[in-house]
1. What FRET efficiency would be calculated for the residue pair residue A:17, residue A:62, taking the C-beta separation as r and a Förster radius of 22 Å, to the nearest 0.05?
2. Among B:61, B:27, rank each residue by its count of other Cβ atoms within 10 Å, from fewest to most, as a rough exposure measure.
3. Considering only DSSP states other than H, G, I, E and B, which trypsin sites (Lys or Arg not before Pro) in segment A:23-96 qualify as loop sites with at most 16 other Cβ atoms within 10 Å?
4. Residue separation times 0.36 nm, minus the C-alpha to C-alpha distance between residue B:66 and residue B:54: what's the value?
5. Pairs of alpha-carbon atoms within less than 8 angstrom and 6+ residues apart define the contacts here; what relative contact order does segment A:67-113 have, in percent?
6. Could you list the square roots of 5 times each eigenvalue of the Cα gyration tensor of chain B, that is, the equivalent ellipsoid semi-axes, sorted largest first and rounded to whole Å?
7. What distance in nm separates the simple spin-label points at residue A:5 and residue A:95, each placed 7 Å from Cα in the Cβ direction?
8. Averaged over its residues, how many other protein chain Cβ atoms are within 10 Å of peptide B:81-90's Cβ atoms?
Amino acid sequence: AAGVIQSPRHLIKEKRETATLKCYPIPRHDTVYWYQQGPGQDPQFLISFYEKMQSDKGSIPDRFSAQQFSDYHSELNMSSLELGDSALYFCASSSPGQEYEQYFGPGTRLTVT
Amino acid sequence: GQSLEQPSEVTAVEGAIVQINCTYQTSGFYGLSWYQQHDGGAPTFLSYNGLDGLEETGRFSSFLSRSDSYGYLLLQELQMKDSASYFCAVDMNYGGSQGNLIFGKGTKLSVKP
């Protein structure tokens, strides 16, 4: 069965650089979510999209933005990177009416040096 | 705001039964989910309670009591591969929001031989 695809899997950036993370949800899933997970922490909700429209925002810094494209893939853009942005970034998707059952991608491990 | 409390660590032996409790304080609440996460891996959906009572899925069961703001995950016939972190999460699907998950801090389960 198809799963959520994320790229790249690992990313190393320097402070003040920009990064773009990509996510390809499971086909026919209508909602995409982005989460940030620091070491030993729980996943923190950043932002979600429902049918390509921004649905909800969580603890996403103003330096970050995201969008969902016509083919349903989503990108998380991160600018002016800080050391504290080093974390695992997960994308998840869910099918209509089953938002509680989210399928997570393998994550992108971002390291900011 | 929302907060979920769960024990930080639990240790049990193979073949045993373990219960991981989760108490929550939320404003606006649709259901309680449970996710498993192995070190370095992605969260994986285990179970969901949209109504009070017990849900059983193989060796895993989950329970919810809305009147007590309490739920638990029960793992039976523990196996070494069950060693992982377990997160309870509330599904904030209300008022037009699309199901972003608010996670507890996670319970690290160690299964010993």
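1. On the way: r = 17 Å, r/R0 = 0.77.
Efficiency at R0 = 22 Å is approximately 0.85.
2. B:27, B:61
3. Passing both the DSSP loop test and the Cβ count: A:28, A:52, A:63.
4. 3.1 nm
5. 38 percent
6. Sorted largest first and rounded, they come to 24, 14, 12 Å.
7. Result for the modelled spin labels: 2.0 nm.
8. Mean inter-chain Cβ contacts per residue within 10 Å come to 1.
All of the numbers you see were taken from the coordinates with simple rules; none came from a lab. Note that the coordinates shown come from a computational prediction; the quantities given were computed from them, not determined experimentally. So basically every Cβ, Gly included, is an ideal-geometry build from the backbone, and we count neighbours across all protein chains shown.
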